[in-house]
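The values are calculated or read from the model by the stated rules, or taken from the named source; none is laboratory data. The shown structure was predicted, so the numbers you read here are calculated from the model rather than taken from an experiment. All Cβ positions, even for glycine, are placed from backbone atoms using ideal geometry, and neighbour counts span all protein chains on display.
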């Protein structure tokens, strides 16, 4: 499966914190109290994703095993989960070691309802203006997870660090056919992500991270959701 060479120049660090015990307002207050002087970046919104994987679940396996080179493929959109999806974006997230980046392509609008199938979304991808390698990769993948969460955005006073808070985590089963979207799991966890470029890694990023009273964790919404829906795999 061909992917373009990893772009280290535009890659960034993403530090994740999974929070189980604090209430949401307390988490927001801790972020605002950080020495980086975080403030709101723009309006909070809901994020929706359809994750894709191979028949052998290669992306899932690579993430669980902690493989140095890891990839994810997803279609992302905002606001309503179901119905007419007017501005979907196909994204490939790629990681090499501790840094990652993503490649994004807008695709044609589609409808998400009980008639959704892999064949239908593959036709949407074929009708979108995508590079040849993207079409080839997506042809080998199938829907593996649908998820949704609420995200609030922050940026540091010096604009070097971005931070997001995700809650209302919901995961839905999705497959090639016969999708009723009745099978779902929710999580009470809140996920905080601190994001910054490689130029800012070091003492300054350590000070910001250490000022957050949360435990640094390895976390993947795709892995977490997939395991909730398929507990026999773990």
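Brief remarks on what is shown
- Hits in the range 108-123 - residues which are surrounded by 12 or more Cβ atoms within 10 Å (Cβ to Cβ) and closer than 24 Å to residue 60 by Cα: 112, 116, 117, 118, 120, 121, 122
- For the range 195-232, filtered to residues that are within 22 Å of the chain's Cα centre (by Cα) and without any contact (Cβ under 8 Å) to a residue 12 or more places away in the chain, the residue that is surrounded by the most Cβ atoms within 10 Å (Cβ to Cβ) is 227.
- For residue 102, the conditions (1) part of a strand (DSSP E or B); (2) within 25 Å of residue 185 (Cβ to Cβ); (3) without any contact (Cβ under 8 Å) to a residue 24 or more places away in the chain all hold with the exception of (2).
- Residues (within 20 Å of residue 27 (Cα to Cα) and surrounded by 17 or more Cβ atoms within 10 Å (Cβ to Cβ)) located in the range 164-175: 164, 165, 166, 167, 169, 170
- Of the residues making up the range 105-121, those that are within 21 Å of the chain's Cα centre (by Cα) and part of a helix (DSSP H, G or I) are 118, 121.
- Whichever residue in the range 91-107 is at pLDDT 95 or above and exposed (fewer than 14 other Cβ atoms within 10 Å of the Cβ) and, among such residues, is nearest to residue 15 (Cα to Cα): 104
- Top-ranked residue in the range 11-62 [being touching a helix residue (DSSP H, G or I) at 6+ places or on another chain (Cβ under 9 Å) and part of a helix (DSSP H, G or I); ranked as nearest to residue 93 (Cα to Cα)]: 59
- Residue count for the range 176-194 satisfying the condition of being within 20 Å of the chain's Cα centre (by Cα) and surrounded by 15 or more Cβ atoms within 10 Å (Cβ to Cβ): 10.
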